[in-house]
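Reviewing the structure listed below.
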Amino acid sequence: MYEQLGSYIKDRIAVSDEDLRTILSYFKPLQQGKNDFLLSAGQTSQNTYFVGKGCLRIFFINEEGKDVTRYIAFENQIATALVSFITKLPSTEYIQVVEKSELLFISHEDFDHLIQIIPLWREFYCRYLERAYVNNTNRLMSFTTMDALERYQLLLKINPTIVKRLPNKIVASYINISQETLSRLKSKV
């Protein structure tokens, strides 16, 4: 799994082997079972997770009491409750293990320490933040400019793994439609 994370990092920044070894030494392994929670609303996000195997989802509960999935991370992706991680304030989001998962995690303190000792780690973090911003903006725009069918078709085009691996409840929550609407769309497409 450390080799996976090393490749992920090297794909994003031109880090030396020595610096990469230092970065990897701050990540700790963690195995979690299906439906475990890594973070609950009200807790402060203290860790960032790299998914070696499995799936995590980040969601919140809206004012109607329904869960809304904001982000899904499969293998070779990073996930955290970013707003809480940045602000160090209690999270309004949950991080849930959707499939039995093998993870590597780094604490907020160690993450910040790496920024101080390895200048390229700041570049890695900036690229991560940029991608998160673009993804969130594109999703928000899709909610206001596309109908349910268009959002489902876009999901099938850009991330069909979500539809293939996850229950309808999560898929529907991710594209902001009801499970009934999702079932109708699946039968049409």
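Test residue 86 against the criterion of being closer than 25 Å to residue 140 by Cβ, aliphatic (A, V, I, L, M), touching a helix residue (DSSP H, G or I) at 6+ places or on another chain (Cβ under 9 Å) and in a strand (DSSP E or B), and give yes or no. So residue 86 fails the test. All of 111, 85, 105, 50 fail the test of being more than 13 Å from residue 30 (Cβ to Cβ) and under 16 Å from the mean Cα position of the chain (by Cα), apart from 85. Here is a check on your reading of the model: is residue 44 under 30 Å from residue 141 (Cβ atoms), of a type in the set (S, T, N, Q), modelled with pLDDT of 95 or more and open to solvent by 20 Å² or more (accessible area, probe 1.4 Å)? For residue 44, the condition - under 30 Å from residue 141 (Cβ atoms), of a type in the set (S, T, N, Q), modelled with pLDDT of 95 or more and open to solvent by 20 Å² or more (accessible area, probe 1.4 Å) - is met. Looking for something touching a Ser or Thr at 6+ places or on another chain (Cβ under 7 Å), farther than 30 Å from residue 14 by Cα and either touching a residue at least 24 places away in the same chain (Cβ under 8 Å) or open to solvent by 60 Å² or more (accessible area, probe 1.4 Å) (or both) - is there at least one such residue anywhere in the stretch 110-125? There is no residue in the stretch 110-125 that is touching a Ser or Thr at 6+ places or on another chain (Cβ under 7 Å), farther than 30 Å from residue 14 by Cα and either touching a residue at least 24 places away in the same chain (Cβ under 8 Å) or open to solvent by 60 Å² or more (accessible area, probe 1.4 Å) (or both).
Residue count for the stretch 137-148, restricted to those that are open to solvent by 60 Å² or more (accessible area, probe 1.4 Å), of a type outside the set (Val, Ile, Thr) and assigned to a helix (DSSP H, G or I): 4.
Among the residues of the stretch 156-186, those that are without any contact (Cβ under 8 Å) to a residue 24 or more places away in the chain, of a type in the set (A, V, I, L, M, F, W, C) and either crowded, with 17+ Cβ neighbours inside 10 Å or under 21 Å from residue 97 (Cα atoms) (or both) comprise 163, 171, 172.
Being in contact with a Ser or Thr (Cβ under 6 Å, 6 or more places away or on another chain), open to solvent by 30 Å² or more (accessible area, probe 1.4 Å), at pLDDT 95 or above and not β-branched (Val, Ile, Thr) narrows it down to one residue among 105, 37, 60; which is it? Of 105, 37, 60, the one residue that is in contact with a Ser or Thr (Cβ under 6 Å, 6 or more places away or on another chain), open to solvent by 30 Å² or more (accessible area, probe 1.4 Å), at pLDDT 95 or above and not β-branched (Val, Ile, Thr) is 60.
Do we have residue 68 as closer than 27 Å to residue 20 by Cα, in a strand (DSSP E or B), among the aliphatic types (A, V, I, L, M) and in contact (Cβ under 8 Å) with a residue 40 or more places away in the chain here? For residue 68, the condition - closer than 27 Å to residue 20 by Cα, in a strand (DSSP E or B), among the aliphatic types (A, V, I, L, M) and in contact (Cβ under 8 Å) with a residue 40 or more places away in the chain - is not met.
The values are calculated or read from the model by the stated rules, or taken from the named source; none is laboratory data. Everything numeric here is computed off the predicted structure, so don't read it as measured data. As a convention, Cβ positions derive from the backbone with ideal geometry for all residues, glycine included, and neighbour counts pool all protein chains shown. Heads up: the accessible areas ignore ligands, DNA and RNA and are worked out on the full protein's heavy atoms, side chains in. Shrake-Rupley method; radii C 1.70, N 1.55, O 1.52, S 1.80 Å.
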